[in-house]
Structure formats: C-alpha cells, structure tokens
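Student: Mind having a look at this structure? Questions to follow.
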There are 2 protein chains.
Amino acid sequence: MTRAPQKRRLETRARLLEVAAAIVQEQGYSGLRVEDVVARAGVAKGTLFSHFRDKDGLLAVLIGDEVMRLLDGMEAAGAPQDAAELTVRLAPHLDYVSQDRVIFDLLLRYSGTTAAEPDEVVTAGFIRQVALLSRWLQLLQAAGRIRRDQPPELLAEGIQAFLNHVLGVWFCLEHDDETPPAKALEPYLLAWLQPAP
Amino acid sequence: MTRAPQKRRLETRARLLEVAAAIVQEQGYSGLRVEDVVARAGVAKGTLFSHFRDKDGLLAVLIGDEVMRLLDGMEAAGAPQDAAELTVRLAPHLDYVSQDRVIFDLLLRYSGTTAAEPDEVVTAGFIRQVALLSRWLQLLQAAGRIRRDQPPELLAEGIQAFLNHVLGVWFCLEHDDETPPAKALEPYLLAWLQPAP
DNA sequence: AATCAAAAATGACCACGGTCAATTACAAAA
DNA sequence: TTTTGTAATTGACCGTGGTCATTTTTGATT
C-alpha cells in the first residue's frame, strides 16, 4: 500500500509543467496545444491527462503560479493610503490578465470557489487576494479614508466584480488604443469606496 | 446583381434556428450539438456555418432573443421605486442565466461590445439593458432614493458587474441549496446605490 | 428554351481535446 | 532471483466543432 506519488511520477509532472511553461513563453497561452506539450515532454497524451484533469487543469497551475507571484508583489508593495493608490496596486494584475483572453476565461471559471483541491492554485490565489484586499480595506476604514458602512469582505468582493467587469469589456473591444483596464477601473473603485460623508 | 439574401436562404436560416430552439428546449443549451441541428434541419454541416460564424453565433441568436424577451418583461414591469425593488426587476434575468453555464459564458463573451453586427442580438440586448437601467437610475436619483453623486451610466454598468459577479460565484459553487443569485445580488446593489447622506 | 454567372449548399476532411483497455516499469515479498 | 500486485504510462481511438474545394440551384439574359 503506497499512497504518496512515486518519484518517477513527480518528475513527469514537473517536466510537463516545465515544457508547458516554455511553450507559453514562446507562443502565448492561446498557442498552447496538448500535442505539443506531450511531444516535447516525451510522454504520451494519456499521461498528461492522468496528471491534470484537462487542458484547463494544466493551465490553471501555470496561471495560478503567476497569480501567486503577482500577489507576492502586491503584498510587498504594502497597504495603500487611499482608494486611488489601491488602483495602482491592482494594475499589475490587470495588466497580466488583459494580455490574453485565455487567462481571463480561466480565472473566471475557477475563481469563485472556496473548496480548494490540492491542485487548485487558482482558487487559493483567489482566496488570498480577497483576504489581502479585505485587510487593506479594513486599514483604510480605520483610517477613515473609505466608507465604513459595509464589511471589508463585501467591499473586497465588489472590487473583484469590478476587476472582472473592466476586463470583460476590455476583451470585447478592439483594444487598439482604448483606455487600459487599470484606467477604466478607477471610477468604479472611487465610487464604490467613497466614504458616505 | 443581387445583394439581398434570397428567399431560399432565409428559409434555411429560419429552419436552423427553429430546430436549434427545439433541441435546446429538449436537451438544454449544453446538449446542443451541431450535427444534431443540421441532421434535423436536413442540411449539410457547411450550410450551418455559412449562416452563423460558429456554434456560438447560433447560440447567440437564440440567447439574444430570450434576453430581449426578458427585457420586454422588465420594461413592462415599470420603473422600480427603490434599490430593493430594482433587485426584484433583475431577478428574472438572473434566473434565466443561472440555469445554464453556457448562457453565462456566451453573454460574458459577447456583451461588452458596442459595435453591433446585424446578427448580434446579444450586443443589442446588452446596450438596451444598460440604457434601461440608466433611465431607471436617473428616475431614482431624481426621486432622491439613490446616490446622486455618480452618473446613472456608471451606476448601470456597475450593476452589470455585480450581476456577472454573483452569477460567476453561483456557477463555481455546487448549487444544491445555496443562496440564489438574486438573493446574493441584493447587498451589492444596496451598497452600490446607497445615497451618500 | 438555352446559357451562364452568382448564390447556396454539400460532405469529405482536418484539428484538437479527451478516453480507456492494454502494456510496461517498479518495488516489495517469496 | 523470481514472482507478483500495483502504479504509471501508452497510443489507437473517439466526439465534436469547423473548413473549403466542388457541385447544385437559381434567376436573369439572350
């Protein structure tokens, strides 16, 4: 009886992720094809699907990792002083997601859950982001810089809603010279957080 | 030189839509397969794709029609007296979309655009919904029932954001006995529209 | 009626994600 | 060393959306 995955298996999984990341680097998320991944990793197609539920499951790990990295950056930047500065903190996230519709779709599909399976880095990232936002909002409330009549969790989830909204609009537009998502987010955030005076 | 589509063509298109609607009726949106549609319509696969850009294009017409019907209902119900009543007006829309993830995905993908191609009923529906909401919000502002410090258009788009947010969360949950989207929407709407006193 | 160019429809074909019964590699037991 | 049960891998196969060179239909023109 052996419950823990064997060494060989872990190596295969790591190789798949490595190769997938490399292909994404070269061709972008939309250019990732399962056949290419398994070919370059030197395994059969079935193997990939024994490691990841589906193509999205593989993408979720890659994207989840990146989201975690972005969150590290956010946290490192420290708590904002007001709503406008909060927009600045969120800009890297918007920039990342807005680069490819695949990222947006995947985050949207995975990021409402609260039940986290081992693989679900994306869900973990979502939870972490809401938690971080809630903490920051609480600080801002304490400092009297934003409205205090709503719990920080609600405000945080509302911000998530606005993030996705501006991204959704962004992807529907021919984004040649449109206002970037970060800019589009600002009025919503200000109106949402504005202290009831 | 003949620019207008010929009669035969229009008939084929109508038949395809008819059949597709019937199949959706029987199997739900997720059960709609292109092969079934063309088989029952008695045409070749290629024909379908000469009438609609892709499967989504076909779905968009079906769903767009339904959205239009819902908007008729909304308009007929008349302007709400306050934010809470607005939630009630939006409930049918939430109920409809929450019945199948396919609807949600499609609306999300199509409904940010402003450029409407002939077929894009969904886009037209989106524009109409924002316009209707804007009008209602303007009335509520005039009556002093909601905040007046933001333009009704911004408030309307914000509501769209919250609609999609609660739906997104809904589809990530195992919705056995969870709070339905309409219920989840309420706190957001109240907080968003609350007059700054 | 015969001709012909444009419109419409056709269906063999492809791409790509995903499945699963069969096979191989591995580690512990005999 | 051989046996054996299980973990891991394999790759032929499938479903389904989508393409496009070819064929059929249509209606205006002679």
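Throughout, read-outs are computed from the coordinates displayed, never taken from laboratory work. Note that this is a predicted model, so its numbers are computed, not measured. Using ideal geometry, Cβ is built from the backbone for each residue, glycine included, and neighbour counts are taken over all protein chains shown.
Student: Using helices alone, what [θ] at 222 nm do you get for chain B, with -39,500 (n - 2.57) per DSSP H run of 4 or more residues, divided over all residues and rounded to the nearest 500?
Tutor: Per the formula, -23500 deg cm²/dmol.
Student: How many nm separate the modelled label positions at B:Arg69 and B:Glu35, each set 7 Å beyond the Cα in the direction of the Cβ?
Tutor: My value for the distance between the label points is 2.9 nm.
Student: Rounded if a/c is under 1.5, else prolate if a/b beats b/c, else oblate: with a ≥ b ≥ c from the C-alpha gyration tensor eigenvalues square-rooted, which is the protein assembly as shown?
Tutor: oblate
Student: Report the Cα-based extents of segment B:10-94 along its three principal axes, largest first, to the nearest Å.
Tutor: So the three principal-axis extents are 52, 25, 18 Å.
Student: While we're on this one: Starting from the 7 Å offset along Cα-to-Cβ, what nm value, one decimal, do you get for the label separation of B:Leu154 and A:Thr47?
Tutor: Using points 7 Å along Cα→Cβ, the separation is 5.5 nm.
Student: Okay, next question. Can you tell me the relative contact order of chain A? Whole percent, Cα pairs under 8 Å, sequence separation 6 or more.
Tutor: Reported relative contact order: 21 percent.
Student: What does the copy distance list look like for B:Ser30, label position 7 Å along Cα→Cβ, in nm and ordered from shortest?
Tutor: Inter-copy label distances (nm, one decimal, shortest first): 2.7.
Student: Shape of chain B from its Cα gyration tensor (a ≥ b ≥ c, root eigenvalues): rounded if a/c is under 1.5, otherwise prolate when a/b > b/c, or oblate?
Tutor: prolate
Student: Something else about it: I'd like the orientation of helix B:7-27 relative to chain B: the angle between its Cα long axis and the longest Cα principal axis, in ° from 0 to 90, rounded to 10.
Tutor: Relative to chain B, helix B:7-27 is tipped by roughly 60 degrees.
Student: Just to confirm the number: angle between the C-alpha axis of helix A:101-110 and the first principal axis of chain A, 0 to 90 degrees, nearest 10?
Tutor: The helix A:101-110 is inclined about 80 degrees to chain A.
Student: A follow-up question, please. Using the scaling law 2.2 N^0.38 Å as the reference, what is the normalised Cα Rg of segment B:118-175?
Tutor: Cα-based Rg divided by the globular estimate yields 1.37.
Student: Then there's this: Quick check on segment A:1-51: what are the equivalent-ellipsoid semi-axes from the Cα gyration tensor, as sqrt(5λ), descending, whole Å?
Tutor: Three semi-axes, in Å: 23, 11, 8.
Student: As I understand it, the value is the acute angle between the Cα axis of helix B:83-98 and the longest principal axis of the Cα atoms of chain B; what does it come to in degrees, rounded to 10?
Tutor: Helix B:83-98 sits roughly 20 degrees off the main axis of chain B.
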